1. Since V53 meets every condition but one in (1) modelled with pLDDT under 95; (2) of a type in the set (V, I, T); (3) surrounded by 11 or more Cβ atoms within 10 Å (Cβ to Cβ), which condition does it not meet?
2. Only residues that are part of a strand (DSSP E or B) and free of Cβ contacts under 8 Å to residues at least 24 places away in the same chain: list them for the range 72-89, please.
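The values are calculated or read from the model by the stated rules, or taken from the named source; none is laboratory data. All of these numbers come straight from a predicted model, not from anything done at the bench. So basically every Cβ, Gly included, is an ideal-geometry build from the backbone, and we count neighbours across all protein chains shown.
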Amino acid sequence: MAFKNGGFLRFLTLCRTQTQYGGYIWAAHYWTDKLRSNFAFGIDEQDWLGVQVPVTAIATSQITQVTSIHANLIWSPVKSVNLGVEYLFGTATHRNLASGAGIEGGSYGQASRVQLSAQYLF
């Protein structure tokens, strides 16, 4: 930062912090000795306070909220093997920037997936 002509002080007066919070909660449940599940929910929120970041080819929006939900089922047929399936669902809410593409005022997206896992414990 340059100190010439108060440039650094001018920069500091333009800096504003944004409010951001998030968290997650999860629970595990053992159905039997060989079958268990995990459930999780997470959220992240950001308040941009009217701040606009420079629009680039990559940054055309700002994320305002992200959520995700996870649920799985894990089977342990023997002590050293875990086989699992997991479902994930997530959402994202964006605030579009002035010259960004997309829906004026904001956009919303959601995605879901199923994944399989296999683990061998040595």
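1. For V53, the failing item is (3).
2. If the condition is that a residue be part of a strand (DSSP E or B) and free of Cβ contacts under 8 Å to residues at least 24 places away in the same chain, then F89 is the only one that fits.
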